[in-house]
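Since the structure comes first, as structure tokens, the remarks are kept for the end.
The values are calculated or read from the model by the stated rules, or taken from the named source; none is laboratory data. The shown structure was predicted, so the numbers you read here are calculated from the model rather than taken from an experiment. Here the Cβ is made from the backbone with ideal geometry for all residues, glycine too, and neighbour counts use every protein chain on show.
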């Protein structure tokens, strides 16, 4: 192909040259008082001569600079400045959440050996954001080949992102790619336990819990935010195992096996009650919340209490909430819980009564705290739900 282009250029040059010989034409260049006139052929030759002279001077300067080491230092400094600029722009994109843009910038930057993991993490995060599983798998394969010492760190980061975004199944698939010898690490143990809780794999969590305690997962700041969830998951696993023997007291077994300081943690107990409800054990969840609220009245527990939906449990929950309301008539969270339960039980008129009382108690126009605003949103949502249900029952 190259020789074809050379032949084509020669033919075109010959034709143009013959044309210029027959009609040479002229070029007139005026610069101030200077006037230069020449034929087109002479002008082209002059331009070629100037270009050739500049090229030879450039080659000569580069040769001399290379001999003295100046060129390499200049090139290195230029690359350093360019790379620094690319890294700064990439950091700005990362802060703004523009992972794809950051990955594109770092792909053209010079990457020092001690920053290779950062580049891999940014690229992986961009692929996770795009949900490009094929490219993500290819990145892991390439990393395992080129940087085997970094592949576990990359897998752990990907799994954590997926768990945080609710894709626990994909996270466990990635964790399964870690070598058996590396599964005794604290990070792997914590992430695997987290995935078991999210997927409600209680038997797997029960068998894995010894590794969680042995590796100090519950003492690691990296899992501090997941601590209530992991504790709730362990209590749930204990409850499910006990449920095989006696379904009526299973939650007490899970509570008994919780460390003492976690038995009164409302977030842990609320998450556990949610896990019980999600697995269809609403009666156990009702007993757990009734027991916990009797000992420690906490909004987090009430938010779970209003989720009951099974008819038998729903009636018990409404009756219990009515009993509490006699002593806590000005508790907006309790009024919301009772209104929500009545909405679920198709008692829209009574639900609106309690929800409007909750609005009055909350004093929305006075209290502007973040908690009050969140409670306001939940109350208004339930009021909207009540109105929609009423309209469906009594269409105009």
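Looking at 386, 365, which is the one that is in contact with a helix residue (DSSP H, G or I) (Cβ under 7 Å, 6 or more places away or on another chain) and modelled with pLDDT under 90?
Being in contact with a helix residue (DSSP H, G or I) (Cβ under 7 Å, 6 or more places away or on another chain) and modelled with pLDDT under 90 holds for just one of 386, 365, which is 386.
The rows are residues; the columns are (1) surrounded by fewer than 19 Cβ atoms within 10 Å (Cβ to Cβ); (2) out of contact with any strand residue (DSSP E or B) (no Cβ under 6 Å at 6 or more places or on another chain); (3) at pLDDT below 95; (4) not in a helix (DSSP H, G or I).
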{"site": "245", "(1), (2), (3), (4)": "yes, yes, yes, yes"}
{"site": "253", "(1), (2), (3), (4)": "yes, yes, yes, no"}
{"site": "261", "(1), (2), (3), (4)": "yes, yes, yes, no"}
{"site": "271", "(1), (2), (3), (4)": "no, yes, no, no"}
{"site": "284", "(1), (2), (3), (4)": "no, yes, yes, no"}
{"site": "294", "(1), (2), (3), (4)": "yes, yes, yes, no"}
{"site": "302", "(1), (2), (3), (4)": "no, yes, yes, no"}
{"site": "309", "(1), (2), (3), (4)": "yes, yes, yes, yes"}
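Looking only at segment 167-181, decide whether some residue is modelled with pLDDT under 90, exposed (fewer than 12 other Cβ atoms within 10 Å of the Cβ) and in a helix (DSSP H, G or I).
Among the residues of segment 167-181, at least one is modelled with pLDDT under 90, exposed (fewer than 12 other Cβ atoms within 10 Å of the Cβ) and in a helix (DSSP H, G or I), which makes the answer yes.
Determine, yes or no, whether residue 325 is in contact with a helix residue (DSSP H, G or I) (Cβ under 7 Å, 6 or more places away or on another chain), modelled with pLDDT of 90 or more and under 19 Å from residue 273 (Cβ atoms).
Considered against the rule, which asks whether it is in contact with a helix residue (DSSP H, G or I) (Cβ under 7 Å, 6 or more places away or on another chain), modelled with pLDDT of 90 or more and under 19 Å from residue 273 (Cβ atoms), residue 325 comes out as no.
Which of (1) in the same structural domain as residue 379 (by TED's automatic domain parsing); (2) over 38 Å from the mean Cα position of the chain (by Cα) is the odd one out, the single condition residue 320 does not satisfy?
Result: residue 320 fails condition (1) only.
In this structure, is residue 353 free of Cβ contacts under 8 Å to residues at least 24 places away in the same chain, outside the structural domain of residue 290 (by TED's automatic domain parsing) and crowded, with 18+ Cβ neighbours inside 10 Å?
Here the answer is no, as residue 353 does not meet what is asked.
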